[in-house]
Amino acid sequence: MRQINLFKLVLFVALLLVVGITFAKPGDLDRGKEIYDKRCTWCHGDEGDGLGAAEGYVNPPPRDFTSGNYKIKSSGFDEMVPNDDDVYRMIRDGMPGTSMPGWSSLLSEQDMWDLVAYVKMFAEFEEAPEQQVDYGTPVASSAESIAKGKELFEDGDRCVECHGKTGKGDAIKGLKGDASERTWPRNLTKPWTYVGSHDPKDIFARISIGIPGTEMPSFADPKSKKMLSIEERWHVANYVVSLAKTQRVVDAENTVIQADILEGDLPDSPDDERWEQMMPTTFFLVPQIIGKERLFRPSNDTITVRAVYNDKAIAMLMEWDDRTKSIPGDERAEKIADKPIQEDGVAVQLPIEIPDKMVKPYFGMGDATHPVNIWHWKSGTKDMAETVAMANSRGFEDIEARDATESGLQAKGSYHDGTWRVVMVRPLTTADPENDLQFIEGRFIPIAFAAWDGSNNSEKGSRHTMTTWYWLQLKPATSAMPIIMALLIVGLFAGILFWWARSAAANKAVGGDS
């Protein structure tokens, strides 16, 4: 019996040691320095001060570890020191919407804990933080909780002044970070872009702590006039979770814009209710990094497209979230925008000829042997209405401007609650097949898009976001002919069987008589 008890005691102590090792994960400073020098100095610098080679090229700028200021943490709002787990998570998962990648695919768990130990050294963190986020009793999401959260979100413009009424980040004031860099409020309808994850518990933590180094405040601070109780913060967190888009998201299996045929007139207004009946297809937008004047930190990250056609023309609706309606000369727009403000814009790229094989024009404005059509809409200025232009391109250095009206191209845009909706309409065929794409029903037509945010670091010209080639198909009209043919075949087959059965019966009868 004593031997059994002794064995249990030894096993218990061993388990405690294993658990201790699992959760403590002490880091090795020397090993952490080796990893840091190899992986991290390019952005954060040799001294951890954020002055690496990438400084000045990325926004937000690399974190200055010597300041001890960490954006995402779970220690109390009045605590400067983060928890070790906070630093570890940022190394492991990265920070979406920034140039900080997650390192879990390249570094082992112990490697990352070694990095934690070394990174903390820059700010000389010696003691663990005393205050932690008080989560209280979590409030489960419900219609009642979401309604209360919405009311608190909008009350006194508590959250609306930065995130907008629909949560898309259509701010009414310009924001700056601790390094005087321009920052943009988070688009809460896109949870995949949240820096600190979109788990309700993490959203609660952001509401409670704020985001140090930005203008996102703590709503747990008793000194704030906009302070919220623990229960109220859970209601707001539940409301934020409810804002997530469920339809206009990127689906890797949906890469073809299916244009349905429509009897009668096409919807030529972006606010036509018929657009909601069309299938949306959403694509990622990425920074243009091929031509000169590149932009490394875009603000527009997705575009959603719908299309429809009739016997005369095709219409396309493009939607993208944009935090600002950039109208040069408009006082409100000028106040929020980076200087100098430019027009917002969107462009469609199509090959002049539909490829017979897999060879497509170069997706960056075509090439010498495979030119492309460019349709380009701009939002206009205070003194000039929106415009649509057309060009043929054989690369970034060979662009020929054309008259859009000669090809019948028209466009119209509208901006509501942080989203642009632009419709472009063009005849299926034109009088100039050598310079214009002729749309053909049923064919898969390469198509690409680009977008410009005129309030974001002077996006213009080759400074824009873009997609690669995807596909557009004008779905053939459904007719009764396939059904009729199927019925004829079935009838013919049934007739043959009937004839065969009668012939077999007749032969059997003859054989019996003989």
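Laboratory data are not the source of any read-out in this text; all were calculated from the coordinates shown. Owing to the predicted nature of the structure, the values given are computational and were not obtained by experimental measurement. When we count neighbours, we look across all protein chains shown, and the Cβ atoms used for this are built from the backbone with ideal geometry, even at glycine.
Treating the angle as unsigned and between 0 and 90°, give the value, to the nearest 10°, between the Cα long axis of helix 2-24 and the longest Cα principal axis of the chain. For 2-24 against the chain, the angle is about 70 degrees. The Rg/Rh ratio of the chain, with Rg taken over Cα atoms and Rh as the Kirkwood radius over Cα pairs, comes to 1.12. For the stretch 370-450, the alpha-carbon radius of gyration amounts to 1.21 times the rule-of-thumb value 2.2 N^0.38 Å expected for a compact globular protein.
Note that the stretch 21-121 shows a convex hull volume over its alpha carbon atoms of 101 Å³ per residue. Lysine pair count for the stretch 293-403 with Cα-Cα distance under 25 Å and sequence separation of 8 or more or different chains is 8.
Among all the lysines, which ones have a C-alpha under 20 Å from Lys33's C-alpha, if same-chain residues fewer than 8 places away are not counted? The reachable lysines, counting only those whose Cα sits under 20 Å from Lys33, are Lys25, Lys120. Distance distribution note for the stretch 320-430: the fraction of Cα pairs above 20 angstrom is 50%. Using the rule -39500 (n - 2.57) for each DSSP H run of four or more residues, divided by the residues of the chain, the 222 nm mean residue ellipticity is -8500 deg cm²/dmol. For the stretch 266-298, the list of trypsin sites (Lys or Arg not before Pro) that fall in a loop by DSSP and count at most 14 other C-beta atoms within 10 angstrom reads Lys292, Arg294. Here the stretch 22-86 is treated with +1 on each Lys and Arg Cβ and -1 on each Asp and Glu Cβ, and its dipole about the Cα centre works out to around 240 debye.
Our summary of shape: the Cα atoms of the stretch 199-356 have principal axis extents of 65, 36, 32 Å, ordered from largest down, in whole angstrom.
Axis of helix 200-209 versus longest Cα principal axis of the chain: the two differ by about 50°, to the nearest ten degrees.
Shown here for the stretch 142-175: trypsin sites (Lys or Arg not before Pro) in loop regions (DSSP other than H, G, I, E, B) with at most 11 other Cβ atoms within 10 Å, namely Lys173. For the chain, which longest stretch is free of loop sites, where a loop site is one of the GluC sites (Glu not before Pro) that DSSP puts outside H, G, I, E and B and that has at most 10 other Cβ atoms within 10 Å? Excluding the exposed sites themselves, the longest stretch runs over 264-396. Among Met358, Ser218, Val119, which residue has its Cα positioned farthest towards the positive end of the charge dipole of the chain, with +1 placed on the Cβ of Lys and Arg, -1 on the Cβ of Asp and Glu, and the dipole taken about the Cα centre? Sorting the options by dipole projection puts first Met358. Size descriptors for the stretch 143-242, from the alpha-carbon set: Rg then Dmax equal 12.6, 40 Å. Please count, across the stretch 161-310, the pairs of lysine residues with Cα atoms under 22 Å apart that sit 8 or more places apart or on different chains. For the stretch 161-310, qualifying lysine pairs total 21.
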